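Report on the structure given below.
Read-outs: derived from the displayed coordinates by stated rules, not from any lab. Worth saying up front: this structure is predicted, and the values here are computed from it rather than measured. Glycine also receives a Cβ, built like all others from the backbone with ideal geometry; neighbour counts cover every protein chain displayed.
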Amino acid sequence: MTEQVNKVALVTGAGSGIGRATALALLRAGYQVVMTGRRLSTLKTSLEDAGSQANNALLIECDVRDPESVAALFTQTREHFGRLDVLFNNAGTGAPPVPLEDVAFEHWRATIDTNLTGAFLCTQQAFKLMKAQSPMGGRIINNGSISAHAPRPNSAPYTASKHAMTGLTKSTSLDGRKYNIACGQIDIGNAATDMAAPMQRGVPQAHGDIAVEAVMDVEHVAQAVVQMAELPLESNIQFMTIMATKMPFIGRG
C-alpha cells in the first residue's frame, strides 16, 4: 500500500466499532489520524492496538451534536496537523426498537442530532478547512448504512437519519466540486460490532418472525473505507455497499 505519511484523516465515533477499526486501518496505511468521540477513555482504549503507529494519532473529545465542540475539534486539527485530507463521518446512534407511534421525542431527537446534524456540522467545518488549505481539497466519506436503502421494523428514527445522510452526501458531492472536495457514502450491513451483536441472537424480520442474521468481520469495512480514502481526488466512489453476504437484504433474504 502506498505510504501516506503526509495525509491527515479525521474519524468520528472512533472509540468503538466501525470507527475504531477504520481509525486503526488508516494508521496502518500511513495516515496521521484524528480520533474523536465523546469519551477520551474509549479513544485511549481504541489506540491500544495501534502499536508504533500510535504516535501518528491525535485523540480529541468532541460531541458532534454541539456546533462549538465541532468547531473546536477542527481548530485543533488544523493547529496540530496543518490540514485535513479525509473526514469519515461515522459517529452514530440508534433509538430503542419500539413501534413508530411509541418513539419518545428525546430518542428521535438524539438519533437525528447525532447521525445527521453531527455529520452536517463536521462537513461544514471540513469544507472551511479543505477549501482554505494548500493544495485545496479533500475527501469526505459518510457512513450511510443499509438502512439508507431499506428499514428494519421499528426503526423510524435511525432509518430517517440514514436516508437523509444520502441527501447530505449528494449535496456535499455537488457543492464540494468547486473546492476539489470529493464526497462518497459507504452503506454497511451487519458488521460484527457491539451494535450488531443482537443480529447473532435473532432480530425481528419484516414478516414478524425472529431470525438470526449473518455478520461480517468489521475489518472488511475498515479496509473498504481506506480504499475509498486512497483514491486520487480526480476519482470518487460515490456509493459503496458492503454487507454480510447472507444477510436478508437482497430479494426475500
Inset, instruction - Take each of the peptides 150-158, 81-89, average the number of other beta-carbon atoms within 10 Å over its residues, and list them starting from the highest. - result: 81-89, 150-158
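Using 0.36 nm per residue of separation minus the Cα-Cα distance, give me the extension gain between residue 179 and residue 227 in nm, one decimal.
The span from residue 179 to residue 227 would gain 15.1 nm if fully extended.
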Inset, instruction - Pairs to check: 7/162; 131/178; 7/131. Give those whose C-alpha atoms are more than 21 Å from each other in this structure. - result: 7/162
Legend entry - Protection-proxy order for peptides 26-34, 241-249, each taking the mean of Cβ atoms within 10 Å per residue, highest first: 26-34, 241-249
Inset, instruction - Would you compute the Debye intensity of the chain from its alpha-carbon atoms alone, equal scatterers and no solvent, and pass along log10 I(q)/I(0) at q = 0.09, 0.13, 0.15 Å⁻¹ to two decimals? - result: -0.37, -0.78, -1.04
Legend entry - Estimated [θ] at 222 nm from DSSP helical runs (n ≥ 4, -39500 (n - 2.57)) normalised by residues in the chain, nearest 500: -11000 deg cm²/dmol
Legend entry - Packing-based ranking, highest mean first, of 171-177, 228-234, 120-126 given that Cβ atoms within 10 Å are counted: 120-126, 171-177, 228-234
Legend entry - Most fluctuating residue given options 22, 159, 45, as computed from a GNM of the chain linking Cα atoms under 10 Å: 45
Legend entry - At R0 = 30 Å, FRET efficiency that the Cβ-Cβ distance of residue 234 and residue 149 yields, to 0.05: 0.60
Inset, instruction - Equivalent ellipsoid semi-axes for the range 61-100, as square roots of 5 times the alpha carbon gyration tensor eigenvalues: give them largest first, rounded to whole Å. - result: 29, 12, 6
Inset, instruction - Search the structure for amide H atoms under 5 Å from the amide H of residue 243, placed 1.01 Å from N in the peptide plane, and list their residues when 5 or more places away or on another chain. - result: 189
Inset, instruction - Would you grab the residues whose amide H sits under 5 Å from the one on residue 93? Only those 5+ places off in sequence or on another chain, please, with H modelled 1.01 Å from N. - result: 115
